[in-house]
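Heads up, the thing below is written out as structure tokens.
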Amino acid sequence: MSTSSSRRPKRPASWVDFLVSFRWVLIVPVVLPLSFIFYQWIRWRALLRCVLYGAPSEEKHQRAVKKVQERVRARRPGRDGLICTARKPWLEVSMRNSEHKRSHRFEVDLSHLTTIVWVDTERKIMKCEPMVCMSEASAKVFGFGLAPQVLPELDDLTVGGCINGYGIEGTSHLFGLFADSCVAYELVLADGSLVRATADNEYSDLFHAVPWSHGSIGLLVGAEIKLTPIKDYMKVTYTPVTGDLDEIAKRFQESFQVPADGGQDKVPDFIESALFSDTTAVISTGKYASREEAMKKGNVINEIGWWYKPWFYTIMQSALKRGKFVEYVPSRQYHHRHTRSLYWEGALLIPFGNHPLFRFFLGWLMPPKVSLLKLTMTDSLRNYYTERHACQDMLIPARKVPEAIKFVHETFETYPLWMCPHRLPKRRMGTMLDCEPEYEKNMEPGDTEEAQMWTDIGIWTVPLPVLRNEVWNGVEATKSMEKWLRDNRSYQCLYAVSEQSEEEFWQMFDRTLYDAVRKKYGAEHNFMSVYYKISKAKKGQVPRYSNSAISNKTK
């Protein structure tokens, strides 16, 4: 299956290649210290707020929301632009340039909504404002022996981003995507009114339409999130797999199957896999364990959260030489296991970042903040990453994993390649994401009557053809991927750069509920459409009511 370098012609080296190779010259002395300061601010801001203003409360939250309502009501529909948040494009984790922020627009500031309003340990629910980061969410509830059901690994991700956009974790085979763990959303609508939407109240249509809408229906100002009980440690098992891609896919699919004896308790709490080549992979599974179990004689405890420890993906990769092994990791450290190295992207930014000397002396500065990396990029660098770097996620039915990873190998040839199974609840109400029609008639491993098992394939690194100095075009590869997804009734995650036309976009996603809700709640002429927001097309002056014309083109 290995792709020969003779398949593609060689490309001449350019000065941008040189610039990319030595980005660390700017990153290490400038970006890393600034990133460290930023992360310390995030770490301590909740405590500082309590000291200055007292403990969070529902009353304080509602006062903060009123500022958003007043701002929205101050908009003049006949003169001001369409509504969007005031967050600067470089602050977003997304790789897109957020061209919609260059248009005539009416900005609403949500930067003050950074509070965890309350935690209900009896009902196992927490209420967060949209700018709360994943690191803050875990720090707040781990002391109660609880964790969000789905806690995406990167500290930088926010609650609002994971709901309006996309969030996944190693627990998603049990709980679904991040939005599937939410029980209520608070939204400020186009007229400035505040509503609380749940799955079974009068705003249930709004509740089901918000995920993946990218703030094009209303402004998310609060979310209630389910929590799950945890233990002090994670028993992590690293299982190497060798063989062709069919064998790797088979072993991966077996990892989330319920055993024949029906022992659901034997299904791991965490599952992820990394393909390190087209013939080697490691499946990592985690099961919560008590402190007493972890401390038993003969068990190995690995506190991977310390700055001087090897990056997590390299621990996974070591199983290819060591064979299958087991270790115990403190639970919170495990939940944030990919943050320090940004999965494996850190090795591209700082090639010597995992060297023991660097980790020991400067590892405490990691990771570089993605937004600061974006801020230091020139147009030439942005174009380089679009054309010669892959950063995409494909959501596919789990049964299609074998053909999907073969396609990715032929089109991208990127390794490591991440795979994470996730449960997709059956909606049948025209949501943007839904299970395959009638999948219940021929259920595959992991499927139930209520949900279908899907898989995220994360493609994030420099493709091997680029490293071999061969011609490889990222734009064409992305277009090819998007066509494959449309043909296979699968989805592209919208944080990434999309090359789809609007017609192609709505062939991939179901617009039925989305359009109905935008019209019903007044978003159609007041908020930018989701395609407009994620499209890479250059934006100029947005006509006053442009989105109705835009969204009607493909009906």
Check: Given Cα pairs under 8 Å that are at least 6 residues apart, what percent is the relative contact order of the chain?
Finding: 19
Next item on the list: Would you check the accessible area of R8, probe 1.4 Å, heavy atoms only, in square angstrom rounded to 10?
Entry: 40
Note to self: Of I163, M394, S290, which is farthest towards the positive pole of the chain's charge dipole, taken about the Cα centre with +1 and -1 on the beta-carbons of Lys, Arg and Asp, Glu respectively?
What the structure shows: I163
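Taking the Cα centre of the chain as origin, sum charge times position over the Cβ atoms of Lys and Arg (+1) and Asp and Glu (-1), and report the length of that vector in debye to the nearest 20.
That gives a dipole near 1740 debye.
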Next item on the list: Excluding residues fewer than 8 places away in the same chain, name every one of the lysines whose C-alpha is closer than 17 Å to that of K324.
Entry: K235, K287
Checklist line | Modelled FRET efficiency - R0 45 Å, T378 with V183, Cβ distances, 0.05 increments | finding: 0.55
Next item on the list: Take the Cβ-Cβ distance between A516 and R76 as r, set R0 to 25 Å, and report the resulting FRET efficiency rounded to the nearest 0.05.
Entry: 0.40
Item checked: Label corresponding to volume of the Cα convex hull per residue in Å³ when calculated from the structure given, among (i) 161; (ii) 185; (iii) 202 -> (i)
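Take the alpha carbon gyration tensor of region 14-82, find the square roots of its eigenvalues, order them as a ≥ b ≥ c, and report rounded if a/c is under 1.5; if not, report prolate when a/b exceeds b/c, else oblate.
Oblate shape, in that a/c is at least 1.5 and b/c is the bigger or equal ratio.
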Notebook entry, point to check: Looking at the chain, what % of its DSSP beta bridges pair antiparallel, to the nearest 5?
Noted result: 90
Checklist line | Net dipole in debye of region 110-152 [+1 Lys, Arg Cβ; -1 Asp, Glu Cβ; about Cα centre; nearest 20] | finding: 80
Note to self: Need one number: nm distance between label points at Y308 and S21, each 7 Å from Cα along Cα→Cβ, rounded to one decimal.
What the structure shows: 3.3
Notebook entry, point to check: So how strong a dipole does region 164-267 carry about its Cα centre when Lys and Arg Cβ are +1 and Asp and Glu Cβ are -1, to the nearest 20 debye?
Noted result: 300
Checklist line | Two-site FRET efficiency, N473 against H112, from Cβ-Cβ distance with R₀ of 45 Å, rounded to 0.05 | finding: 0.60
Next item on the list: Within the set of other residues whose C-beta is less than 13 Å from the C-beta of A64, count the net charge using Lys and Arg as +1 and Asp and Glu as -1.
Entry: +1
Next item on the list: Kindly provide the helix-only [θ] at 222 nm of the chain, computed as the sum of -39,500 (n - 2.57) over DSSP H runs of four or more divided by all residues, to the nearest 500 deg cm²/dmol?
Entry: -8500 deg cm²/dmol
Check: In nm, what is the difference between 0.36 nm times the number of residues separating Q62 and R428 and their Cα-Cα distance?
Finding: 128.4 nm
Next item on the list: Determine ³J(HN,Hα), in whole Hz, for all residues of region 493-508 in sequence, where each value follows from phi through the Karplus function 6.51 cos²θ - 1.76 cosθ + 1.60 and θ = phi - 60°; x replaces Gly and Pro.
Entry: 6, 8, 6, 8, 5, 10, 9, 6, 6, 5, 5, 5, 4, 7, 6, 6
Next item on the list: Can you find, among S204, F252, M234, the residue farthest towards the positive end of the dipole of region 167-264? Put +1 on the C-beta of Lys and Arg, -1 on that of Asp and Glu.
Entry: M234
Check: Hey, rough spin-label estimate for E410 and Q40, points 7 angstrom out along Cα→Cβ, what's it come to in nanometres?
Finding: 5.2
Item checked: Apportionment of accessible area to carbon and sulfur, the chain, percent (1.4 Å) -> 55
Next item on the list: Would you please state which residues of region 282-313 a label at F361 would reach in this model, taking the label point 7 Å out along Cα→Cβ and a backbone N cut-off of under 19 Å?
Entry: 307-311
Margin query: Under 8 Å for C-alpha pairs, at least 6 residues apart: give me the relative contact order for region 122-172, rounded to a whole percent.
Written below: 41
Notebook entry, point to check: Of G446, I405, A74, which is farthest along the charge dipole of the chain in the positive direction, counting Lys and Arg as +1 and Asp and Glu as -1 at C-beta?
Noted result: A74
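Which length gain, in nm to one decimal place, applies between E254 and V326 when the Cα-Cα distance is subtracted from 0.36 nm times their residue separation? It would help to have the intermediate numbers written out before the result.
On the way: separation 72, 0.36 × 72 = 25.92 nm, distance 1.86 nm.
Taking E254 through V326 to full extension adds about 24.1 nm, to one decimal.
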Notebook entry, point to check: Accessible area, 1.4 Å probe, largest first: how do T239, T378 sort?
Noted result: T378, T239
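The values are calculated or read from the model by the stated rules, or taken from the named source; none is laboratory data. As the structure is a computational prediction, the values presented were derived from the model and not from experiment. All Cβ positions, glycine included, derive from the backbone under ideal geometry; neighbour counts span all protein chains shown. Ligands, DNA and RNA are stripped out before the accessible areas are found, and what is left, the full protein with its side chains, is counted by its heavy atoms. Shrake-Rupley method; radii C 1.70, N 1.55, O 1.52, S 1.80 Å.
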